[in-house]
Amino acid sequence: MKLELERWGITFQNPVLLAAGTCGFGQELADVVDLESLGGFVTKSVTVEPRHGNPAPRVAEIGPSMINSVGLANPGLEKVKAEKLPWIRAHVRRPRVFVSLAGRSAEDYFTLLEALEPEAGFVGFELNLSCPNDRGHRPFALDPDAVSQVVAGARARTRRALLVKLAPNDPDLAETARRAEAAGADGLTLVNTLPGTGFDPVTRRPVIGAGQGGLSGPPLRGAGLLAVANARRATRLPLVGVGGITHLEDALQYLVAGASLVQVGTASFAEPRTAERIVRELARWGRRQGIASVEEIVGSAVPRPEPVRAAATAATGD
Ligand code: RRO
């Protein structure tokens with residue numbers, strides 16, 4: 001099965017990427033993962049100023065799920081420009097790199113875009129509008145007007161592919177997806193982690209220093225798949241599926257639900273080579289199924305609605 005596919009004028013050698021926050025800026029994983037075998041990766045979210053992050057413990061395992069409250073720890077814009085992007089330019093050849101951006105105001109995103117747009121080494125941005133761990137700050141993704149404002153301003157500042165990462169706890173994801181599309185997004189990444197917590201019954205304290213965090217791992221998968229299917233019905237944007245992908249079967253579910261690309265996140269912590277393995281297994285599975293190209297399965301379980309224009313034209317007699 002041919003794994004290569006093209007979106008936004010970018011060729012991906014396969015549809016499997018590493019998710020933001022799980023692979024640093026590539027360099028951190030280069031000794032343990034064959035990055036060159038992947039479709040791409042998304043960097044850790046970058047903020048204008050460096051962030052030290054939230055109090056420890058920042059990560060806890062609870063049964064099959066993980067809860068994190070890293071709190072956007074990252075070296076900040078200047079160090080990313082001076083150190084992280086040069087490493088990517090020198091070492092990454094085949095994987096397509098997206099830079100994840102985060103901020104507390106629309107202006108933060110615009111500052112990041114203006115500073116990074118002239119830089120080389122990456123194909124697009126992923127606007128992280130859905131971090132659940134920026135204390136005191138409601139994620140932009142849960143406010144449709146804020147989504148419109150940030151995405152429209154971002155669109156005006158970049159010619160690169162513009163992905164928008166949305167939240168699993170959005171009460172009207174279809175509307176948020178439509179707003180992002182109308183404001184000029186090129187694609188949607190679905191989904192970020194789900195707000196959650198856990199308690200140690202002996203110490204009677206939360207397992208996470210910040211008191212709560214974002215839940216990920218296999219239990220998030222159902223929410224991610226539903227978001228992908230709903231966004232496919234609501235927009236015509238290419239979709240990137242993420243949430244609970246550990247096995248080939250999980251990636252396949254996202255692809256048939258409508259994701260053109262998938263991202264592996266939490267599973268990489270337990271087994272850094274999970275994404276590489278899924279690439280190999282996907283090729284083998286397709287061969288056995290007699291499928292010529294991965295394109296054949298994208299969205300095959302969730303038909304897109306017919307374009308409304310033809311019906312409206314017929315009704316009005318225009
Ligand atoms: O840094 C984090 O705590 C974090 C971020 Br920015 C995010 O988008 N999602 C998440 O689960 N953790």
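The values are calculated or read from the model by the stated rules, or taken from the named source; none is laboratory data. Since the model is a prediction, treat every value here as computed from it, not as a measurement. Cβ: placed from backbone, ideal geometry, glycine included. Neighbour counts: every protein chain shown.
Could you list, in sequence order, the residues of the stretch 20-65 that are away from the ligand (no atom under 13 Å from the Cβ), more than 28 Å from VAL123 (Cα to Cα) and part of a strand (DSSP E or B)?
Once the filter is applied, which keeps residues that are away from the ligand (no atom under 13 Å from the Cβ), more than 28 Å from VAL123 (Cα to Cα) and part of a strand (DSSP E or B), the stretch 20-65 yields GLU61, ILE62.
Taking the stretch 180-195, which residues are over 26 Å from VAL16 (Cβ atoms) and either within 15 Å of the ligand (Cβ to nearest atom) or touching an Asp or Glu at 6+ places or on another chain (Cβ under 9 Å) (or both)?
PRO195
Checking the conditions here, which among THR197, THR189, THR193, THR203 is β-branched (Val, Ile, Thr) and touching a helix residue (DSSP H, G or I) at 6+ places or on another chain (Cβ under 9 Å)?
None of the other options fit; the residue is THR193.
Condition (residue is of a type in the set (Phe, Trp, Tyr) and under 23 Å from PRO272 (Cβ atoms)) applied to the stretch 123-141: is it met by at least one residue?
Within the stretch 123-141, not a single residue is of a type in the set (Phe, Trp, Tyr) and under 23 Å from PRO272 (Cβ atoms).
Report, by residue number, each residue of the stretch 1-25 that is closer than 15 Å to VAL264 by Cβ and crowded, with 20+ Cβ neighbours inside 10 Å.
PHE12, ASN14, PRO15, VAL16, LEU17, LEU18, ALA19, ALA20, GLY21, THR22, CYS23, listed by residue number.
Here's the yes/no breakdown for (1) touching a residue at least 40 places away in the same chain (Cβ under 8 Å); (2) within 16 Å of the ligand (Cβ to nearest atom); (3) among the charged types (D, E, K, R); (4) not in a helix (DSSP H, G or I):
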position	(1), (2), (3), (4)
ILE67	yes, yes, no, yes
VAL70	yes, yes, no, yes
VAL80	yes, yes, no, no
PHE98	yes, yes, no, yes
ARG135	yes, yes, yes, yes
PRO168	yes, yes, no, yes
PRO171	no, no, no, yes
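Suppose we filter ARG273, ARG304 for residues that are surrounded by fewer than 20 Cβ atoms within 10 Å (Cβ to Cβ) and either at pLDDT 95 or above or within 15 Å of PHE41 (Cα to Cα) (or both); which single one remains?
ARG273
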